[in-house]
Amino acid sequence: MNMNNITLLASLFIMAIISFSAIAEDTPLDQAIQHAQAAATSSDSKAVVQHATEAIMQATAAIKMKPIAGRYDKNEDNHISEGLKCLDDAVKEGNAGHTDAAKKAASDAVNHFKQAANIK
C-alpha cells in the first residue's frame, strides 16, 4: 500500500467513528425524558425542580428543532405540550415543597414525552 491509500483509509475510518458517535447522541427529547425521569424519582423538592427545569429546556429545544428536521406530527406536538404543562406543575409543586405532587407531575411528563417519542 502506498501512502495515499493509507491516508484515505485512515480518513474513512475517522469519519466512520465520528458518524457513529453522532448517530448515538441523544436528542433533546431523549434528554427531556431522562431529566423528567430523574425529577420523578428525586428524593426532595429541590432536586425535582432542578431536573424538571432542565427537562423543560430540553423539551423546548426538541420543539424548536422539528421545523429544521423537516417533519411535523401534531400528535407528537400535543404530547410534548402536555408534558411541558406537567413539568410546569412539577416546578410549582416542588417550589411549594410538595415533593410527592411534584414527582407525580414529573412522572406524567415522562409518559407524555415517551408517547411523543413512540417509546413504550
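FYI, it's all coordinate maths here, none of it is from the lab. None of these values were measured; they are calculated from a predicted model. FYI the Cβ positions are ideal-geometry reconstructions off the backbone, even for glycines, and counts take in every protein chain you see.
Summary of computed values
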{"read-out": "Net +/- balance of residues flanking GLN34 in space, Cβ distance below 12 Å, scoring K and R +1, D and E -1", "value": "-2"}
{"read-out": "Lysine pairs with alpha-carbon atoms under 22 Å apart, the stretch 27-116, spacing 8 or more or separate chains", "value": "19"}
{"read-out": "Mean Cβ count within 10 Å, highest first, over the residues of peptides 110-116, 58-64", "value": "110-116, 58-64"}
{"read-out": "FRET efficiency estimate (nearest 0.05) - Cβ-Cβ, ASP88 to ASP30, R0 22 angstrom", "value": "0.60"}
{"read-out": "Using a Förster distance of 22 Å, the FRET efficiency for ASN118-THR53 (Cβ separation, nearest 0.05)", "value": "0.30"}
{"read-out": "The stretch 43-65-the stretch 81-115 distance, computed between alpha-carbon centres (Å)", "value": "10"}
